[in-house]
Amino acid sequence: MLRHLATGAMTIPALQFVNSLSAHAADVKKNQKACILIWLGGGPPTIDMWDLKPGSKNGGEFSPIATSGDMQISEMLPKTAQHMQHLSLVRSMSTREADHGRGRYYLHTAYVPNPTVVHPTFGSVVSKELAPLRDNLEIPAFISVGGSNEGPGFLGMAHAPFNVDSSGRIRNSAAGGLPGSRLDNRLAMLNVVESGFIRSGRGGLPQDHADVYDSAVNLMTSAQLEAFRVEKEPAQLREAYGNNLGRSCLLARRLVEAGVPFVEVNSGGWDLHQNVFGSLRNQRLPMLDQALSALTADLADRGLLEHTVVVCMGEFGRTPRINQNVGRDHWAASWTAVIGGGGLAGGLTVGATDKDGVGIDGPSFLPGDLWATVAKALGIPLDIVYETKRKRPMKIANGGKPIAELLA
């Protein structure tokens, strides 16, 4: 029920949109840090994108090209190559979780799945730590565009992702276009029922339920809902971003500009067990190239990139070996994540794989290290220890260590 509420009842639309951005959106202080996670669901073949192996039997069909940073990337990402001075590559990410569900959970939470506890996705951590510092923020502090992956775990439904599609549309699942007076009456009745239930001492879930509705009511009449209206952007800028993933990234930029501290953008279709090169050439990489390059350039032009961390990754990479279906299978042992902005060093490569992309030369990094780096950039203390419902201590980012090279 609560999961449904987080993706349904909480997504009550405003009774009407205002015609212009609120003063809050224009007055968002540039020192308010944020993170945009571009999630490539299915596991992108980073060996064909960010860490090419020309001359190797595993090298594939693409060639590396020079970039504006200190690295080469795929020829299929020419627009992104022009902005790599802002982004860095962590080429030595490594886990043991090559299953989609387990890998997705691990990369989002920094913890491997555990049947005794549900850990919060890092967007929920950011919501808990930064939302209280933004008194004027009326829209949710954690927004997921195009569907969500993991939830708030033991942090509670108040920090669950708020789901919208790539055009910022929010389903009308509860208000039903009710006149204000009728809606007020219904909310008053709900308050009577919920207040009594909460006082009955039946655990924390009833309060979580009430918190979700409180957030929804605040959202319904907020002028900050204008941030969801990507159609308000100039046509030329919308064309620069492109459709689908690009439009989602454009919405993410608008939300960050309005003060939202964490936005996750979801792009599926990266589970390329067959025809990997055709899929990358004809669809996946041109779409990503247009969206990521436009987002990076737009954030930089607006002075937002220095305060906004951009992360681009999936749950793992794909096998260096090319299979009999001209595809690549699941591979968690050695792959690349992209990270930049937020005051982190750009244009760098951190870590390396061997000539065939199989092993890692030097230190490897875990999801907790990546999220500890993000936390450091956002100003979230790394010594925070949460307590689960059963009083178990849980370190933020699972005690990961920030990647030193990126903190220059």
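With a requirement of 1 or more residues that are within 29 Å of residue 140 (Cβ to Cβ), the helices (runs of 4 or more DSSP H) lying completely within region 232-282 that satisfy it span 235-241, 245-257. Within region 350-408, how many residues turn out to be among the hydrophobic types (A, V, I, L, M, F, W, C) and at positive phi? Looking only at that region, the number is 1. Whether a residue is on the phi < 0 side of the Ramachandran plot, touching a Gly at 6+ places or on another chain (Cβ under 9 Å), surrounded by fewer than 23 Cβ atoms within 10 Å (Cβ to Cβ) and aromatic (Phe, Trp, Tyr) was assessed, and residue 262 does not pass this test. Looking across region 288-316 at every residue that is among the small types (Gly, Ala, Ser) and assigned to a helix (DSSP H, G or I), the one that is surrounded by the most Cβ atoms within 10 Å (Cβ to Cβ) is identified as 291. Of 136, 163, 149, all but one fail to be under 20 Å from residue 267 (Cβ atoms), of a type in the set (S, T, N, Q), touching a His at 6+ places or on another chain (Cβ under 7 Å) and surrounded by fewer than 23 Cβ atoms within 10 Å (Cβ to Cβ); the exception is 149. Answer with yes or no whether residue 198 is aliphatic (A, V, I, L, M), over 22 Å from residue 139 (Cα atoms) and modelled with pLDDT under 70. Yes; evaluated as a whole, the condition is true for this residue. Scanning region 346-370 for residues that are surrounded by fewer than 18 Cβ atoms within 10 Å (Cβ to Cβ) and assigned to a loop (DSSP other than H, G, I, E, B) yields a count of 8.
Selection of first residues in region 375-393 that are more than 12 Å from residue 128 (Cα to Cα) and of second residues that are in a strand (DSSP E or B) and hydroxyl-bearing (Ser, Thr, Tyr), restricted to Cβ pairs under 8 Å at least 6 apart or on distinct chains, gives the following pairs, ordered by first then second residue: 393/386. Residue by residue through region 373-408, note down the ones that are buried (at least 21 other Cβ atoms within 10 Å of the Cβ), of a type in the set (A, V, I, L, M) and under 12 Å from residue 339 (Cβ atoms). Selection gives 374, 377, 403, 406. Taking region 50-98 as the range and being among the basic types (Lys, Arg) and surrounded by fewer than 20 Cβ atoms within 10 Å (Cβ to Cβ) as the test, the residues that pass are 53, 57, 79, 96.
Within the option set 406, 295, 348, being in contact with an Asp or Glu (Cβ under 9 Å, 6 or more places away or on another chain) and not charged (D, E, K, R) holds for one residue only, 348.
The values are calculated or read from the model by the stated rules, or taken from the named source; none is laboratory data. Source: prediction; values computed, not measured. Counting neighbours? That spans all protein chains shown, and the Cβs are built from the backbone with ideal geometry, glycine included.
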